[in-house]
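This report refers to the structure that appears directly beneath it.
The values are calculated or read from the model by the stated rules, or taken from the named source; none is laboratory data. Values in this document were obtained by computation on a predicted structure and should not be read as measured data. Don't worry about glycine lacking a Cβ; one is built from the backbone with ideal geometry, like all the others, and counts go over all protein chains shown.
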Amino acid sequence: MAAISKLEIPRAPWWKRKKFKDAFTAILFALPALVNFLVFRYFPIIWSARASFWEYSLLGGFRKYLGFGNYVRLFGDRLFWQSMGVTAKFFLMYVPIVVALAMLLALFSNQRKPGMGVIRAIIFIPVVTSFVVVSIIWGMLLNKDVGLVNSIIRSFGLPRISFLMDKNNALPTIAMISIWKNVGYSVIVLAAGLKSIPGEMYEAAIVDGANNWQRFWKITIPMISRQLMFVTVWATLGAFQVFIPVYSLTQGGPSRATNVIVYYIYSKAFQFGEMGYASAMSMVLLFVLLIVSVLQMRLFKRDY
Amino acid sequence: MTINKISKEEHDQIAKKLHQKAVMRKTLNAIFTVVVYILIAIVFIMPLFYVIGNSVRDSRAIWQNAYPISLRTFIPFEGLTLQNYAKTLGLDPLGTSMGWDISRNLLISLLSAIVVVCLSLIFNTSAAYFFGRLWFPGKKYLLVFVVATMMIPSQVVMVPLYLVVDSLGIINSFWALVVPWYASPFIVFLLTQFMSDLPYEYDEAAIIDGANKWQILWRIVIPNTIPGLVTVSLMEFQFIWNEFYWPLIAISTKNLYPVQVAVASQFTESEPNWGVVFAAMALASGPIIILFLFLQRYFYESVAMSGLKG
């Protein structure tokens, strides 16, 4: 039969065959989305990579080719390194606390007790609230003269604390606000992981005489390592890109104590109009973030 | 046998002791849980109540009650007024003349979020249909092309994105808020997983009945992915409603600010009217919080789905 049909029906050229006609209509479904990704996700990076080799301004466009000029300037820019240092400090304050606090809250809200659904919803409300509103609320609560937090501190007879206007307190305060806003997201991810651990594993461990502590380290942590990795990488990406609380509360101050890298790039690009230089910094940040997230994924994979 | 030697009284005593111990532990545990419960509630909810409470009294009353702390600090017992809301919503000529009116900004946020959700439903769904259920040579590599964009951190590419959108000539217009986001690699990826889970027998039956690809998408795939579509629509809505960095750089006309940028600019004024700022904050975050309270399940679903990709 096969032989006969081969003899009798001449094969159409490939572009006329049904399979390829189908493929042609198929790609039409994806085309608008693919165009979006090309134009608004890939093209900006290519454009920015090009701009990073030029003296590029918003009004003047590509003005002068500098070669690696912007990158050389960046390595000599004391403020760039200071800004990277601030970002690294923020990362160290933010990530461990988000992950640890999320773990505690996930364990707490995972108990079979009434009202835990409400607790989870309460912790999640800041996640859906805009970061601008969250920043302003905390800016008011932490205000030195009229803020509620200082009123409470004062009621205990302690001196008022300048949270955002003191160069030692400003960055930890920004980190605290970011933790308050974002921790709920990680709680939900970790709680989903905890729920998926079969109860028999704990029962078996209890029979073997493992205590709470051992059960936590030998069962819980390994079983949710995937979720822990996700939460850590996600928090790291967030830490390196913090912008909104700095923009709305401290504008990088006092004395550059909160001059995080995204804010520095923003101010160079849109306050000083140095697009080429800002693009070069964006490229470096992109590179750093890729390396950091790949390293973290490696670190977690090693356990398995 | 030693067991027999325990008298009834002794046995009762031991049982009573054990029972007391268990009750004690249970009570302590319950107290601990309640304390943590209240602590969490205070830390996470109190700031929001503070906003709502202060948005319904005038600035003078807010600062008069700020210190010393009393119940009045949190709950407005007297001087209740909706003036602040009237001023922010443009119902009070004073508010309009002072530039406190954010009704237009609220409308822009709402409109751009709705437009993006609709466009996203059209373009992301059809792209996911392509990736999840249709044949194309080298489709695998195209999916890599899509997934790779998710590795790009969003804030980092805002400056470059500005350059591209500027060259399209739509910077500082409503379209700048909408056009870059009409499709999302992340949502295409999520919906693709949803759609490839559907059994193919449905399609085959439909093909035998003479249905084409559009009909299969409309009659079979979409009705079976409704929960997924609701989830991603909420994700998009929340993303556009709360987005700040992009509109901050893309829009330079105050009339075109979305609500988040408008609120921030009110706050950074030299002499903000605090009652008005509180009311504006309540309006800028209220809709999304209400949406969350009614549709919690879908919000958690979106988190769980994004956690899966890790």
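Exactly one residue out of A:S267, A:S282, A:S293 is among the polar types (S, T, N, Q) and over 22 Å from B:L161 (Cα atoms): that is A:S293. Looking across B:E243, B:E301, one residue alone is within 14 Å of the chain's Cα centre (by Cα), closer than 24 Å to B:V156 by Cβ and acidic (D, E). It is B:E243.
For the stretch B:166-186, give me each residue that is assigned to a helix (DSSP H, G or I) and of a type in the set (S, T, Y).
B:S167
Counting only helices (runs of 4 or more DSSP H) that sit wholly inside the stretch A:146-242, those with at least 3 residues that are aromatic (F, W, Y) are A:225-240. When restricted to residues that are within 8 Å of another protein chain (Cβ to nearest Cβ), farther than 15 Å from A:I46 by Cβ and either in contact with a Gly (Cβ under 6 Å, 6 or more places away or on another chain) or at pLDDT 80 or above (or both), the stretch B:144-157 contains 1.
Looking only at the stretch A:130-159, filter to residues that are at pLDDT below 85 and at the interface with another protein chain (Cβ under 7 Å from one of its Cβ atoms); which one of those is nearest to the chain's Cα centre (by Cα)? That would be A:L148. Of the helices (runs of 4 or more DSSP H) entirely within the stretch B:187-265, those holding at least 3 residues that are surrounded by 15 or more Cβ atoms within 10 Å (Cβ to Cβ) and of a type in the set (A, V, I, L, M) occupy B:226-242, B:245-250.
Please verify whether A:V242 is surrounded by 20 or more Cβ atoms within 10 Å (Cβ to Cβ), touching a Ser or Thr at 6+ places or on another chain (Cβ under 7 Å) and at pLDDT 85 or above, treating the condition exactly as stated. Criteria met by A:V242.
Considering (1) within 12 Å of chain A (Cβ to nearest Cβ); (2) assigned to a helix (DSSP H, G or I); (3) of a type outside the set (V, I, T); (4) over 24 Å from the mean Cα position of the chain (by Cα), the lone condition that B:W135 does not fulfil carries the number (2). Against the numbered list (1) within 11 Å of chain B (Cβ to nearest Cβ); (2) under 20 Å from the mean Cα position of the chain (by Cα); (3) not polar (S, T, N, Q), A:Y94 comes up short only at (1). For the stretch A:229-236, the count of residues that are within 14 Å of chain B (Cβ to nearest Cβ), surrounded by 22 or more Cβ atoms within 10 Å (Cβ to Cβ) and closer than 30 Å to A:K144 by Cα is at least one.
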